[in-house]
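The values are calculated or read from the model by the stated rules, or taken from the named source; none is laboratory data. Computed from a predicted structure; not experimentally measured. Note that we place each Cβ from the backbone using ideal geometry, even for glycine, and neighbour counts take in every protein chain shown. Just so you know, the surface numbers come from the protein's heavy atoms only, side chains and all, with ligands and any DNA or RNA stripped out. Shrake-Rupley method; radii C 1.70, N 1.55, O 1.52, S 1.80 Å.
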Amino acid sequence: SQTIHQWPATLVQPVGSPLSLECTVEGTSNPNLYWYRQAAGRGLQLLFYSVGIGQISSEVPQNLSASRPQDRQFILSSKKLLLSDSGFYLCAWRVQGLGELFFGEGSRLTVL
Amino acid sequence: GEDVEQSLFLSVREGDSSVINCTYTDSSSTYLYWYKQEPGAGLQLLTYIFSNMDMKQDQRLTVLLNKKDKHLSLRIADTQTGDSAIYFCAAPVPNDMRFGAGTRLTVKP
């Protein structure tokens, strides 16, 4: 069966520090991969998606970046965090196409 | 593009039925989904309905789809305290999924 994991689960970082959140999917090949951000009390905002290794599409201009170095690995990064980067980050995958999304456990980032 | 809207809060007593409503704009969505998010966790796929169906029942969950009005609802029968969570309706679009803002369901004992 397919599983998705992301880490770390909780992160407290100072403003200006770097960020790396990692997500891996097991049990499937060539998935579509996604990074969403969920601000407190609000819906989900799509940040990045990837349809294949090295293929990244950005939905929202910001100081975050994403990379997909392997088929089932998706990384969210920042060189210098801002206060506004605080939030709950969710990684997700789906089979190519328009099927349902499967989410990881989420990573809570607090920037102080 | 697709726009999905839902009310933000719902409070019910344990044992009552809960009805969470959602409206969407793009009638070409093949499937429509309901997700559940418990505190501090990711979203869990709860149920879905194919666009050519009017109703789908799965144990305590009933999904109703009114394609004419572009209205989707999730009914939870015999609501329990463990059903307290945020519920999202969602419609797939190419390379994304449009989510509503989420309805926070509070179940009072």
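List, please: which pairs have Cβ atoms under 7 Å, are six or more places apart or on different chains, and start with a residue in region A:81-100 that is more than 11 Å from chain B (Cβ to nearest Cβ) and end with one that is among the β-branched types (Val, Ile, Thr) and crowded, with 18+ Cβ neighbours inside 10 Å?
As it stands, the answer is A:Leu81/A:Val111; A:Leu82/A:Val111; A:Leu83/A:Val111; A:Asp85/A:Val111; A:Ser86/A:Val111; A:Trp93/A:Ile4; A:Trp93/A:Val25, since those pairs meet every condition given.
Looking at region B:70-92, can you tell me whether even one residue there is among the charged types (D, E, K, R), free of Cβ contacts under 8 Å to residues at least 24 places away in the same chain and out of contact with any helix residue (DSSP H, G or I) (no Cβ under 9 Å at 6 or more places or on another chain)? Show your work before the answer.
Of the residues in region B:70-92, the ones among the charged types (D, E, K, R) are B:70, B:75, B:78, B:83.
From what is left, the residues that are free of Cβ contacts under 8 Å to residues at least 24 places away in the same chain are none.
No - not one qualifying residue is present in region B:70-92.
For region A:1-47, which strands (runs of 3 or more DSSP E) that fit wholly inside it have 3 or more residues that are touching an Asp or Glu at 6+ places or on another chain (Cβ under 7 Å) and farther than 21 Å from B:Ala91 by Cβ?
Filter on region A:1-47 gives A:3-7.
Can you tell me which of (1) modelled with pLDDT of 95 or more; (2) in a strand (DSSP E or B); (3) within 27 Å of B:Pro39 (Cβ to Cβ) is the one A:Leu81 doesn't meet?
Here A:Leu81 clears every test but (2).
Rundown of residues vs (1) hydrophobic (A, V, I, L, M, F, W, C); (2) within 14 Å of chain A (Cβ to nearest Cβ); (3) open to solvent by 30 Å² or more (accessible area, probe 1.4 Å), yes/no style:
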| site | (1), (2), (3) |
| --- | --- |
| B:Thr25 | no, no, yes |
| B:Glu38 | no, yes, yes |
| B:Leu45 | yes, yes, yes |
| B:Ile49 | yes, yes, no |
| B:Ser84 | no, no, yes |
| B:Ala90 | yes, yes, no |
| B:Arg98 | no, yes, yes |
| B:Thr103 | no, yes, no |
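Please go through (1) of a type outside the set (Phe, Trp, Tyr); (2) part of a strand (DSSP E or B); (3) without any contact (Cβ under 8 Å) to a residue 24 or more places away in the chain; (4) away from every other protein chain (no Cβ under 14 Å) for A:Ile56 and return the number of the only condition it doesn't satisfy.
(4)
Test B:Thr47 against the criterion of being free of Cβ contacts under 8 Å to residues at least 60 places away in the same chain, hydroxyl-bearing (Ser, Thr, Tyr), under 25 Å from A:Arg37 (Cα atoms) and touching a strand residue (DSSP E or B) at 6+ places or on another chain (Cβ under 7 Å), and give yes or no.
Values: free of Cβ contacts under 8 Å to residues at least 60 places away in the same chain: yes; hydroxyl-bearing (Ser, Thr, Tyr): yes; under 25 Å from A:Arg37 (Cα atoms): yes; touching a strand residue (DSSP E or B) at 6+ places or on another chain (Cβ under 7 Å): yes.
It is true that B:Thr47 is free of Cβ contacts under 8 Å to residues at least 60 places away in the same chain, hydroxyl-bearing (Ser, Thr, Tyr), under 25 Å from A:Arg37 (Cα atoms) and touching a strand residue (DSSP E or B) at 6+ places or on another chain (Cβ under 7 Å).
Any residue at all in region A:22-41 that's within 14 Å of the chain's Cα centre (by Cα) and open to solvent by 50 Å² or more (accessible area, probe 1.4 Å)?
The answer is no, given that none of the residues of region A:22-41 is within 14 Å of the chain's Cα centre (by Cα) and open to solvent by 50 Å² or more (accessible area, probe 1.4 Å).
Which pairs do you get when a residue that is farther than 13 Å from A:Ala92 by Cβ, found in region A:21-46, comes within reach of a residue that is surrounded by fewer than 18 Cβ atoms within 10 Å (Cβ to Cβ) and charged (D, E, K, R), reach meaning Cβ atoms under 9 angstrom, with the pair 6+ apart or on two chains?
Within 9 Å, the pairs are A:Ser29/A:Asp71; A:Asn30/A:Asp71; A:Gly41/B:Arg104.
Among the residues of region B:10-20, is there at least one that is open to solvent by 60 Å² or more (accessible area, probe 1.4 Å), out of contact with any Asp or Glu (no Cβ under 6 Å at 6 or more places or on another chain) and assigned to a loop (DSSP other than H, G, I, E, B)?
First, the residues of region B:10-20 that are open to solvent by 60 Å² or more (accessible area, probe 1.4 Å): B:11, B:13-14, B:16, B:19.
Okay, now just the ones that are also out of contact with any Asp or Glu (no Cβ under 6 Å at 6 or more places or on another chain), so B:11, B:13-14, B:16, B:19.
Those left that are additionally assigned to a loop (DSSP other than H, G, I, E, B): B:14, B:16.
Checking region B:10-20: at least one residue is open to solvent by 60 Å² or more (accessible area, probe 1.4 Å), out of contact with any Asp or Glu (no Cβ under 6 Å at 6 or more places or on another chain) and assigned to a loop (DSSP other than H, G, I, E, B).
Going through region A:59-76 one residue at a time, which ones are modelled with pLDDT of 95 or more and of a type in the set (D, E, K, R)?
A:Arg68, A:Asp71, A:Arg72
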